[in-house]
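Take a look at the structure set out below.
The values are calculated or read from the model by the stated rules, or taken from the named source; none is laboratory data. A quick note: this is a predicted structure, and the numbers were derived from the prediction, not measured. Quick reminder, even Gly has a Cβ in these numbers, built from the backbone with ideal geometry, and neighbours come from all protein chains shown.
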Amino acid sequence: MDISDVKRVTIAGCGTEGSQISSMVAYKGFETTVWLRSEASVERAKPRLQAVRRQILAALDAWKADRSQYCRGLSDDRDLTDEEIDQLKEQAGERLLHIRLVTDMDQAFGDADVVIECINEDPDQKRDFYERLSSHLPERTLLLTDSSTFLPSTFADSTGRPDRYMTLHFANQIWRNNLTELMRHDRTSDESFRLAEQFSHAIGMVPLKLNKEQPGYILNTLLIPWFKAALYLVATGVTDPATVDLCWELDTGATPDQTPFRKIDKVGLPLALKIISMQPGADDPTSPAGQMVSLLKGYVDEGKTGIAVGEGFYRYDADGNVVK
């Protein structure tokens, strides 16, 4: 199968990543379906998709007003006229309203050319999903996982199609930070790897290819120590999140949304909690790792799980802007 054969794409899950990925797939003109476990999940997904739609439209407005605000994922050409940006905005506004939300697996996956799995980072849930999915997928379908913590070899057998399965890991705000990490396992076919690369280009991403499996891939191998350092400073009482972020902003020239605690809010505090909980000493409340777990758990237990719900370390409005 070649990229010209890819028409229908299904995303399993609609959390922070799933809502962004499905929106960009739809924006690029693919017939886009999101599979969810229940009608309650469908209702939770609708405001997430609406929020991403508003963010993409706002990004296009910002680009039109200030050409330095160009978002790489929204166009290959940064030198568009105002009229051409308006056309992109009209296209986005229309296409992002036509993402199909379904709970039936046959409807979601029965004719999919590409499937992207974005369900919870729980190995048992993933295995169960893949085993149920296998009987619904056409033989041709390329199956990709956006898992941020697991290696594709962990689930290759559960998929029933190890040669057609690999990782395609996205960043956050993918219309702006438009990278994908392509990671195969030892049974991923060359054809599948090439198609994943072609698909990445087709949805406005820059594919970064890994030569072998690596826990944390490229991005998280770099990000996790950064997150841990920021959390350590707050969890042990050295300072507060806003001061950590201001320090990073002033010293590196990063924009406010590229600071440690703003990034943790985008990633989601439950995922950050899961990652820190895997660190040595995390079960000892007196250790630095244990103190970081306590900090994150306090927020999560209060429902402050990040930008997707409007509050994490910061509070956010419907468009994802920090509320002062």
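Data for the structure
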| item | result |
| --- | --- |
| For Val244: the one exception among (1) under 26 Å from Arg127 (Cβ atoms); (2) out of contact with any strand residue (DSSP E or B) (no Cβ under 8 Å at 6 or more places or on another chain) | (1) |
| Qualifying residue in the stretch 258-268 (condition: in contact with a Ser or Thr (Cβ under 6 Å, 6 or more places away or on another chain) and either buried (at least 19 other Cβ atoms within 10 Å of the Cβ) or in a loop (DSSP other than H, G, I, E, B) (or both)) | yes |
| Matching residues in the stretch 8-51 - criterion: being in a helix (DSSP H, G or I), buried (at least 21 other Cβ atoms within 10 Å of the Cβ) and modelled with pLDDT of 95 or more | Gly18, Ser19, Gln20, Ile21, Ser22, Ser23, Met24, Val25, Ala26, Tyr27, Leu49 |
| Residue match in the stretch 242-250 (condition: surrounded by fewer than 21 Cβ atoms within 10 Å (Cβ to Cβ), of a type in the set (A, V, I, L, M, F, W, C) and under 17 Å from the mean Cα position of the chain (by Cα)) | no |
| Inter-residue pairs, beta-carbon under 7 Å, first more than 27 Å from Met1 (Cβ to Cβ) and in the stretch 114-128, second of a type in the set (A, V, I, L, M) and assigned to a loop (DSSP other than H, G, I, E, B), 6+ apart | Gln125/Ile119 |
| Checking Gln214 against (1) of a type outside the set (Val, Ile, Thr); (2) assigned by TED's automatic domain parsing to the domain that holds Met105; (3) more than 21 Å from Val9 (Cα to Cα), the condition it does not meet | (2) |
| Cβ-Cβ under 7 Å pairs, at least 6 apart or on other chains, the stretch 266-282 side without any contact (Cβ under 8 Å) to a residue 60 or more places away in the chain, far side β-branched (Val, Ile, Thr) and not in a helix (DSSP H, G or I) | Leu269/Thr305; Pro270/Thr305 |
| Scope the stretch 205-232; condition of a type in the set (A, V, I, L, M, F, W, C) and part of a loop (DSSP other than H, G, I, E, B); matching residues | Met205, Leu210, Ile218 |
| Failed criterion for Arg187 (all others in (1) in a loop (DSSP other than H, G, I, E, B); (2) modelled with pLDDT under 95; (3) of a type outside the set (S, T, N, Q) hold) | (2) |
| Residue in the stretch 133-140 that is assigned to a loop (DSSP other than H, G, I, E, B) and within 14 Å of the chain's Cα centre (by Cα) present | no |
| All positions within the stretch 292-324 that are polar (S, T, N, Q) and buried (at least 21 other Cβ atoms within 10 Å of the Cβ) | Thr305 |
| Residue pairs meeting the criteria (Cβ under 6 Å; at least 6 apart or on separate chains; first farther than 19 Å from Lys46 by Cα, in the stretch 302-320; second small (Gly, Ala, Ser) and modelled with pLDDT of 90 or more) | Lys304/Gly312; Gly312/Gly306 |
| Any hit, the stretch 86-105, residues being part of a helix (DSSP H, G or I) and farther than 29 Å from Ala58 by Cβ | yes |
| The stretch 290-301, residues that are within 21 Å of Tyr316 (Cβ to Cβ) and touching a residue at least 60 places away in the same chain (Cβ under 8 Å) | Leu295, Leu296 |
| Residue that is polar (S, T, N, Q) and free of Cβ contacts under 8 Å to residues at least 12 places away in the same chain, where the choices are Thr81, Thr33 | Thr81 |
